[in-house]
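Let me begin by presenting the structure, written as structure tokens, before commenting on it.
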Amino acid sequence: MKITEAVFETSVSLESRRVFLDMRKEVVFVGRSNVGKSSLMNALMHKKDLVKTSSVPGKTRTANIFLVNKKYHYTDLP
């Protein structure tokens, strides 16, 4: 799939995550702290700073949801 557009949609706490769900297909990035989930998302979307990155482990504290190609949700989990 070629990514032509990616925009930040919302940031939600994991407790309220179920409220945001809709019928879009979703790709979720999950893994240990500080392994490069956010950096991988930036690389896939061909943008340097769409997804905030940090060298400090545990910086992502909410589920950050991005709308990709107006069709998919890509979610960066803490």
Checked against (1) over 14 Å from Ile3 (Cβ atoms); (2) aliphatic (A, V, I, L, M); (3) surrounded by 13 or more Cβ atoms within 10 Å (Cβ to Cβ), Met45 satisfies every condition except (1)
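Rundown of residues vs (1) at pLDDT 85 or above; (2) more than 15 Å from Tyr74 (Cα to Cα); (3) of a type in the set (D, E, K, R); (4) in contact with a Phe, Trp or Tyr (Cβ under 8 Å, 6 or more places away or on another chain), yes/no style:
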site	(1), (2), (3), (4)
Val7	yes, no, no, yes
Phe20	no, no, no, no
Val27	yes, no, no, yes
Asn42	yes, no, no, no
His46	yes, no, no, no
Val51	yes, no, no, yes
Ser54	no, yes, no, no
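The values are calculated or read from the model by the stated rules, or taken from the named source; none is laboratory data. Not measured: the values here are computed from a predicted model. Backbone-built Cβ (ideal geometry, glycine too); neighbour counts: all protein chains shown.
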